[in-house]
Amino acid sequence: MSIVRLIFVEVKPEQAKEAITLWKNHCAPLMIKQPGCLSEKLLECVDAAGEFISYSEWDSQGNIDKYRESQAHAEIQKHARGLQGGRTTVKRYEIK
C-alpha cells in the first residue's frame, strides 16, 4: 500500500515563479532519486497565487523516515527556507 505525502507550501505571490524554478531544478530531482519515492509532482493553486502542494508517493513509511534523515532532505529544507515568508505543512495519506 502506497503512502502519499503532501507538503502544503505558501510563499509570497511575487515569489511564485522563483518557488517553481527552485522546486523543479533542485528539490524534485533530489526527492525522486530517493529509495522508495515512486512519484513526485508540484501542484500550483489556480485560485490563490503563491500556494503549492508537493505531492509525492512512497512505497513505505520506512523509506519516508530514511528520506527525512537524509542529506537530500536537509538540502531541500535549506532551499525552501531561502524563500522569504514561506510556510510549509506536511500531511500523509494512505492510498486505499
Seminar exercise, completed: Flagged in region 1-24 as of a type in the set (A, V, I, L, M) and in a helix (DSSP H, G or I), in numbering order, are Ala16, Ala19, Ile20, Leu22
Seminar exercise, completed: Expected output for region 35-53 (first residue touching a residue at least 24 places away in the same chain (Cβ under 8 Å), partner part of a loop (DSSP other than H, G, I, E, B) and of a type in the set (Val, Ile, Thr), Cβ below 8 Å, 6+ apart or cross-chain) is Gly50/Val11; Phe52/Val11
Exercise. Looking only at region 17-30, which residues are without any contact (Cβ under 8 Å) to a residue 60 or more places away in the chain and either surrounded by fewer than 17 Cβ atoms within 10 Å (Cβ to Cβ) or hydroxyl-bearing (Ser, Thr, Tyr) (or both)?
Worked result: Lys17, Ile20, Thr21, Lys24, Asn25, His26, Pro29
Exercise. Is at least one residue of region 53-73 in a strand (DSSP E or B), over 15 Å from Val90 (Cβ atoms), open to solvent by 40 Å² or more (accessible area, probe 1.4 Å) and of a type outside the set (S, T, N, Q)?
Worked result: no
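On the basis of being modelled with pLDDT under 90, open to solvent by 40 Å² or more (accessible area, probe 1.4 Å) and within 10 Å of the chain's Cα centre (by Cα), does Gln77 make the cut?
Working: modelled with pLDDT under 90: yes; open to solvent by 40 Å² or more (accessible area, probe 1.4 Å): yes; within 10 Å of the chain's Cα centre (by Cα): yes.
Yes; evaluated as a whole, the condition is true for this residue.
The values are calculated or read from the model by the stated rules, or taken from the named source; none is laboratory data. Note that the structure is predicted; figures quoted are calculated from it, not measured. All Cβ positions, glycine included, derive from the backbone under ideal geometry; neighbour counts span all protein chains shown. Ligands, DNA and RNA are stripped out before the accessible areas are found, and what is left, the full protein with its side chains, is counted by its heavy atoms. Shrake-Rupley method; radii C 1.70, N 1.55, O 1.52, S 1.80 Å.
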